[in-house]
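A short worksheet on the structure shown next.
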Amino acid sequence: MKETFVHPQALCESAHVGAGSRVWAFAHVLPGARIGADCNICDGVFVENDVVLGDRVTVKCGVQIWDGITIEDDVFIGPNATFTNDPFPRSRVYPERFARTVVRSGASIGANSTILPGVEIGTGAMVGAGAVVTRSVPPNAIVVGNPARIKGYVTGGERLGGSRPGGDARAAGTVGLGVGAAGLHELRVTKDLRGELSVGEFERELPFVPKRYFLVFNVPSMEVRGEHAHRRCEQFLICVRGSCGVLLDDGRNRREVTLDRPSRGVYMPAMIWGTQYRYSPDAVLLVFASDYYDPDDYIRSYDEFRRIVSGQPAPA
């Protein structure tokens, strides 16, 4: 078993530091902190009492991790990143309990970023250098700026879709996305002097007969919609006006599609985690659904979704 290493110039008062973890010079870890295995606590880091770090966490120089902060496995925290735990700090005035901030597994926090209290940084998310995070960050989202806004998602391939010079670059047909059975559909378009008409026939070109539709519009550009999966319901999305980005995730692979014309749609089968964002001001998203609304059909926790698709048992 690997031994824990504490530099002679470090002060580690906690007895709960996992095997293989390293605490480097001028770091100070208070007695109540719990640090997992194979962590790297670099020079000049301060870790307060009510703090939990998972396994394989890297904390670069100049970071302070205060009471109320939980950091899960495989998180990277860049140099001089700043965590806060009190939304209304006053000298010598302490809240009854500090706001709980959670950084989920696999996330990365960029150098000099600031994380406000009580937020959750989702699984696999990336916070850009210098960002000021004022609200919770969805799983796999990339956020930058002050206040931090979503600029993209961590995916396994290029973003598909988007207007190109010279009009449509794809003929009518379907392109697999490598995310379960999801597919990008280029629908037929008829043009003449009277205008353009786009058409798709359910159960011929489109994969199901819908029982419900809904429209999403007047979405502020910084907002994110979706962020859930369905156990049974299938969906087909068309941005009939303006544009928006659609992220599809099957728990193993992720792909992003840009919907920016009425002749392009994306099929999202059941058990795909779907997120829509980057709405243009005039965007109108039309969604056909295979089933009537059923709140029990929704999976709203990304961690639960990943557990289900991986076949892991529910926690006791």
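Data for the structure
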read-out	value
Residues whose placed amide H lies under 5 Å from that of A125, excluding near-sequence neighbours	A107, S108, N140, A141
Computed over region 1-156: relative contact order in percent, which uses C-alpha pairs under 8 Å that are six or more apart	12 percent
Gap separating the Cα centres of region 266-313 and region 1-15, nearest whole Å	45 Å
For the chain, built as a Gaussian network whose Cα springs stay under 10 Å, the top-fluctuating residue of R56, R92, R22	R92
Label zone at M222, where the point sits 7 Å out along the Cα-to-Cβ direction: region 279-313 residues whose backbone N lies under 19 Å	279-283
Ranking by accessible area, most exposed first, for R97, R254 with a 1.4 Å probe	R97, R254
Qualifying trypsin sites (Lys or Arg not before Pro) for region 271-316 [loop in DSSP, other Cβ within 10 Å: at most 12]	R300
Rounded to the nearest 20 debye, dipole of the chain from Cβ charges on Lys, Arg, Asp, Glu	640 debye
Förster radius 41 Å - calculated FRET efficiency between N146 and R204, Cβ distance, rounded to 0.05	0.25
Accessible area per residue in Å² at 1.4 Å probe, computed on region 230-313	39 Å²
Percent of alpha-carbon pairs separated by more than 19 Å within region 10-145	44 percent
FRET efficiency, 1/(1 + (r/R0)^6) with R0 35 Å, evaluated for S301 and H7 via beta carbons	0.35
Cut-off under 5 Å, modelled amide H: who pairs with G251 long-range	W273
Cβ-defined net charge surrounding S21, 12 Å radius [Lys, Arg +1; Asp, Glu -1]	+1
Carbon/sulfur fraction of accessible area - the chain, other protein chains in place, 1.4 Å, %	51 percent
Diffusion constant of the chain at 4 °C, which comes from Stokes-Einstein with the Kirkwood Cα-pair radius and 1.567 mPa s, µm²/s	60 µm²/s
222 nm mean residue ellipticity, helices alone, for the chain (DSSP H n ≥ 4; -39,500 (n - 2.57); rounded to 500)	-1000 deg cm²/dmol
Lysines with Cα under 30 Å of K60, excluding same-chain neighbours fewer than 8 positions away	K2, K151
C-alpha center-to-center spacing [region 45-75, region 172-243] in angstrom	42 Å
Residue-level accessible surface for E48, protein heavy atoms, 1.4 Å, Å²	40 Å²
Dipole of the chain [Lys/Arg +1, Asp/Glu -1 at C-beta], most positive-end residue of S263, L30, G152	S263
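The values are calculated or read from the model by the stated rules, or taken from the named source; none is laboratory data. This one's a predicted model, so the numbers in the text were calculated from it and none came from an experiment. Every residue, glycine among them, receives a Cβ derived from its backbone with ideal geometry; neighbour counts consider all protein chains shown. With ligands, DNA and RNA removed, areas are computed over all heavy atoms of the protein, side chains included. Shrake-Rupley method; radii C 1.70, N 1.55, O 1.52, S 1.80 Å.
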